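Engineer: Provided herewith is a single structure, encoded as structure tokens, for subsequent inquiry.
The values are calculated or read from the model by the stated rules, or taken from the named source; none is laboratory data. Predicted model only: the values in this text are computed from it and were never measured. Note that we place each Cβ from the backbone using ideal geometry, even for glycine, and neighbour counts take in every protein chain shown.
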Amino acid sequence: MTQENKTTTDQSLLRQTFYNNDDELDLLDVVAQLWKGKKTVVVTVIIFLLLAVAYLFIAKEKWTSQTIVTQPSAGQVANYNAALNVLYSQFPQDKPGLAELQHQLFGRFSSSLYALSGSLQNLEEPLELKVEPVTAGQTEPLRVTFSAQTAKEAQAQVTHFIKIVNDEVVDDYGADIKRSMEVKSRELSDSLNSQMKVAQDKKEQRIEALKQALKVAEASGVVNSQLTQAEFLSDDTLYLLGTKSLNAAITNEATRPLPLDEKYYATQRALRSIQDLRIQVDNLQSFRYIMQPDLPLRRDSPKRGLTLVLAVLFGGVIGSAIVLGRNIARRYRENH
């Protein structure tokens, strides 16, 4: 039999099976054929239902817990902000504002969370931690979801991963400010030592100037002061005070405290503030919950109702195809 004859025969069989004498699709005849083969259709549907039930028992369940997070509140960064106030006490204009600090912390938190999500996806058995903005185009708030085989596991895991990221950020910020405090403390200590050395040098220079003036006064024979006012004497005219006054001034200058200015005491106050500060980052948080991780009530997959409905539909389609195909085969055998 040639290919053309075979195609013609197949088309004739289809017409005999599904079309009436007017060459129109005979739906009543198709329905009648399916009704006669209803046992086959029912058996096929039952088989698909059994397969679906088996799949529901075997397939891994998927539950998704979600939470929404945003920037930390002012109270959650209060201690850290107070430590920054001490650190920047000499230059308050350089200190980041409270809003900027909140933004920095949450930016670090969100970046670390995205990085963790990517690393979990690259595991040999990927874990589904998803991070996305609640509003498209906005950096906050963020929606964080995690999928697991049970509802409680999904809730516990999303809470666990958020805690891991937050602890890492808090530890980094705590270590950073401690290092900054140590550096600032050394800087202030060095500044105090330098100012003390400068004051000592000034004192020694003053004594040397008085001693030189005393020599000039002795050589000039000036015993008593020749001045009625001595407010603006230069080093060159100090000898006019006379030997008596100059000897008294030298003795007094040697026992006089160092001439320290207000800058020295301001530096000392800043150093004492840093040394007395007890840095506490226990309550520091890099995020704030808008919605706590929820306990999912409905699983994502497998969906029991949808799976059973699809099983019935596919079973019915396959069963109907079997019945109609069997009828076509019977007509074929009858014609040959």
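Engineer: With the structure loaded, tell me whether ALA248 is on the phi < 0 side of the Ramachandran plot and in contact (Cβ under 8 Å) with a residue 24 or more places away in the chain or whether it fails that test.
Structural biologist: No.
Engineer: Check whether at least one residue in the stretch 131-153 is over 18 Å from the mean Cα position of the chain (by Cα), over 19 Å from GLN292 (Cβ atoms) and among the charged types (D, E, K, R), and report yes or no.
Structural biologist: no
Engineer: How many residues, within the stretch 159-182, are in contact with a Ser or Thr (Cβ under 7 Å, 6 or more places away or on another chain) and either free of Cβ contacts under 8 Å to residues at least 40 places away in the same chain or not assigned by TED's automatic domain parsing to the domain that holds TYR80 (or both)?
Structural biologist: Qualifying residue count, the stretch 159-182: 0.
Engineer: Regarding the stretch 279-290, can at least one residue be identified that is within 30 Å of HIS160 (Cα to Cα), of a type in the set (A, V, I, L, M, F, W, C), touching a strand residue (DSSP E or B) at 6+ places or on another chain (Cβ under 8 Å) and surrounded by fewer than 16 Cβ atoms within 10 Å (Cβ to Cβ)?
Structural biologist: Scanning the stretch 279-290, I find at least one residue that is within 30 Å of HIS160 (Cα to Cα), of a type in the set (A, V, I, L, M, F, W, C), touching a strand residue (DSSP E or B) at 6+ places or on another chain (Cβ under 8 Å) and surrounded by fewer than 16 Cβ atoms within 10 Å (Cβ to Cβ), so the answer is yes.
Engineer: I'd like to check something: does the stretch 216-232 contain any residue that is surrounded by fewer than 13 Cβ atoms within 10 Å (Cβ to Cβ) and either modelled with pLDDT of 80 or more or in contact with a Cys (Cβ under 8 Å, 6 or more places away or on another chain) (or both)?
Structural biologist: Yes - at least one qualifying residue is present in the stretch 216-232.
Engineer: Would you please name the residue that is surrounded by the most Cβ atoms within 10 Å (Cβ to Cβ), looking only at residues in the stretch 63-98 that are among the aromatic types (Phe, Trp, Tyr) and not in a helix (DSSP H, G or I)?
Structural biologist: My answer is TRP63.
Engineer: Here's a follow-up. Of these, LEU113, LEU105, LEU101, LEU50, which one is more than 25 Å from GLU140 (Cα to Cα), part of a helix (DSSP H, G or I) and not acidic (Asp, Glu)?
Structural biologist: Exactly one residue qualifies, and that residue is LEU50.
Engineer: Among the residues of the stretch 189-202, is any assigned to a helix (DSSP H, G or I), at pLDDT below 75 and exposed (fewer than 12 other Cβ atoms within 10 Å of the Cβ)?
Structural biologist: no
Engineer: Looking only at the stretch 259-297, count every residue that is within 15 Å of LYS62 (Cα to Cα) and at pLDDT below 80 and tell me the total.
Structural biologist: Of the residues in the stretch 259-297, 0 are within 15 Å of LYS62 (Cα to Cα) and at pLDDT below 80.
Engineer: Here's a follow-up. State whether the residues of the stretch 175-197 include one that is farther than 30 Å from ALA83 by Cβ and under 52 Å from the mean Cα position of the chain (by Cα).
Structural biologist: Yes; the residues of the stretch 175-197 include at least one that is farther than 30 Å from ALA83 by Cβ and under 52 Å from the mean Cα position of the chain (by Cα).
Engineer: Then there is this: Looking at (1) more than 30 Å from TYR265 (Cβ to Cβ); (2) in contact (Cβ under 8 Å) with a residue 60 or more places away in the chain; (3) surrounded by 14 or more Cβ atoms within 10 Å (Cβ to Cβ); (4) out of contact with any strand residue (DSSP E or B) (no Cβ under 7 Å at 6 or more places or on another chain), find the lone condition where LYS152 falls short.
Structural biologist: Exception for LYS152: condition (3).
Engineer: For the stretch 129-142, how many residues meet the condition of being in contact (Cβ under 8 Å) with a residue 40 or more places away in the chain and either in contact with a Phe, Trp or Tyr (Cβ under 9 Å, 6 or more places away or on another chain) or outside the structural domain of ASP172 (by TED's automatic domain parsing) (or both)? If you could, list the steps in order and put the result at the bottom.
Structural biologist: First, the residues of the stretch 129-142 that are in contact (Cβ under 8 Å) with a residue 40 or more places away in the chain: 134, 140-142.
Checking which are either in contact with a Phe, Trp or Tyr (Cβ under 9 Å, 6 or more places away or on another chain) or outside the structural domain of ASP172 (by TED's automatic domain parsing) (or both) leaves us with 140, 142.
Matching residues across the stretch 129-142 total 2.
Engineer: Let me ask something else about it. Tally up the residues in the stretch 264-303 that are part of a loop (DSSP other than H, G, I, E, B), touching a Pro at 6+ places or on another chain (Cβ under 7 Å) and among the hydrophobic types (A, V, I, L, M, F, W, C), please. I'd like the intermediate steps shown before the answer.
Structural biologist: At the first step, the residues of the stretch 264-303 found to be part of a loop (DSSP other than H, G, I, E, B) are 277-287, 292-300, 302-303.
Now restrict to residues that are touching a Pro at 6+ places or on another chain (Cβ under 7 Å): 285-287.
Going one step further and asking which of them are among the hydrophobic types (A, V, I, L, M, F, W, C), we end up with 287.
So the answer is 1.
Engineer: Any idea how many residues of the stretch 304-319 are surrounded by 13 or more Cβ atoms within 10 Å (Cβ to Cβ) and either assigned to a loop (DSSP other than H, G, I, E, B) or at pLDDT below 80 (or both)?
Structural biologist: Number of matching residues: 8.
Engineer: List the pairs whose first member sits in the stretch 262-273 and is assigned by TED's automatic domain parsing to the domain that holds LEU192 and closer than 15 Å to SER185 by Cβ, whose second member is assigned to a helix (DSSP H, G or I) and at pLDDT below 85, and whose Cβ atoms are under 6 Å apart, counting only residues at least 6 apart or on separate chains?
Structural biologist: Within 6 Å, the pairs are SER273/VAL86.
Engineer: Applying the selection to the stretch 130-149, what residues are assigned to a loop (DSSP other than H, G, I, E, B) and surrounded by fewer than 15 Cβ atoms within 10 Å (Cβ to Cβ)? Step through it out loud before you land on a result.
Structural biologist: Residues of the stretch 130-149 that are assigned to a loop (DSSP other than H, G, I, E, B), as a first pass: 134-141, 149.
Result: VAL134, THR135, ALA136, GLY137, GLN138, THR139, GLN149.
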